[in-house]
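Asker: Just dropping this structure here.
The values are calculated or read from the model by the stated rules, or taken from the named source; none is laboratory data. This structure is a prediction, so every number in the text was calculated from the model and none was measured. Accessible surface areas use protein heavy atoms only, side chains included; no ligands, DNA or RNA. Shrake-Rupley method; radii C 1.70, N 1.55, O 1.52, S 1.80 Å.
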Amino acid sequence: MGTALVTGATSGIGLELAWQLAANRHRLVLVARDSGRLETLAGQLRAAAGVEVEVLRADLATAAGRDAVVARLRQDDAPVGLLVNNAGFGLGQHFLGGDLAREEEAIEVMVRAVLELSKAAAEAMVPRGRGAILNVSSMSALTTMGTYAAHKGWVLTFTEALAGELAGTGVTATVVCPGLVRTEFHDRAGLEAATWPAPAWIDVEKVATAALAGVRRGDVVVVPSLRYRVAAAALRHAPRALVRAVAGPAASGRAMTAR
């Protein structure tokens, strides 16, 4: 069924995507920083799904880490047919007074890595006439909730532009924009999940299923769940002053101070 390379594969949406791809008999290349978690997951996937799994330890915040993944994407042996750019993290800080090094790391992982890996994958896939790139953005891309929202906004716009450039090549680009997903993401970012009402949350299984279904259909933008599609439409059409007022830095700040 082809080879899928998933970054940030050991937790959250990336972990669920890896399991669903394995269930669909895809050969996997798992990318993350923690070699122990990578090896454990690879063993579980091999045992449960009977698929081939490669492990590629790489820190996408570094040039060396990104270069290692780029080299695998350009490899002719067991070529990657699906790239999933999922790696990312919540910063858990305000821009003013926050750690600049953490801001720079976020750009490397959530912007530069997406750029470099997408370019390598697309340039390898187009001559073959087939392939797909799935980038994980966020509903925050439509808000002004700090630099994380800015990075995810870049991913959204970049993927839409890439999809246009790839039209007619047999290669597609899809971006998924999930809302609040029940994973360890918020705890790692130091955000209080209880800040948001229970109906706002969506199961990670539904996000991964919707994302992969969108890839199969060749959709460009996927927003899982009807309520988030309604919210996305509202955010796209609302006056920006209103968006800044209701979905700006203060909204994420409340989640940080709630802890």
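Asker: In nm, what is the difference between 0.36 nm times the number of residues separating Glu205 and Asp67 and their Cα-Cα distance?
Answerer: 46.6 nm
Asker: Taking 0.36 nm per residue of separation and subtracting the Cα-Cα distance, what length does fully extending Ala78 through Arg236 add?
Answerer: Answer, rounded to one decimal: 52.8 nm.
Asker: If you don't mind, there's one more thing I want to ask. Rounded to the nearest percent, how much of the accessible area of region 18-96 (1.4 Å probe, protein heavy atoms only) is carbon and sulfur?
Answerer: Values: 1850 of 3690 Å².
It is 50 percent, rounded to a whole number.
Asker: Per DSSP helix of 4 or more residues, -39500 (n - 2.57); summed, then divided by the residues of the chain. What does that give at 222 nm, rounded to the nearest 500?
Answerer: Roughly -15000 deg cm²/dmol at 222 nm, from the helical runs in the chain.
Asker: Follow-up question, since we're still on this one. Using only the Cα atoms of the chain, what are the Rg and Dmax in Å?
Answerer: When restricted to Cα atoms, the chain yields Rg and Dmax of 17.7, 52 Å.
Asker: Determine the distance separating the Cα centre of region 100-123 from the Cα centre of region 221-237; give it in Å without decimals.
Answerer: So the separation of the two Cα centres works out to 25 Å.
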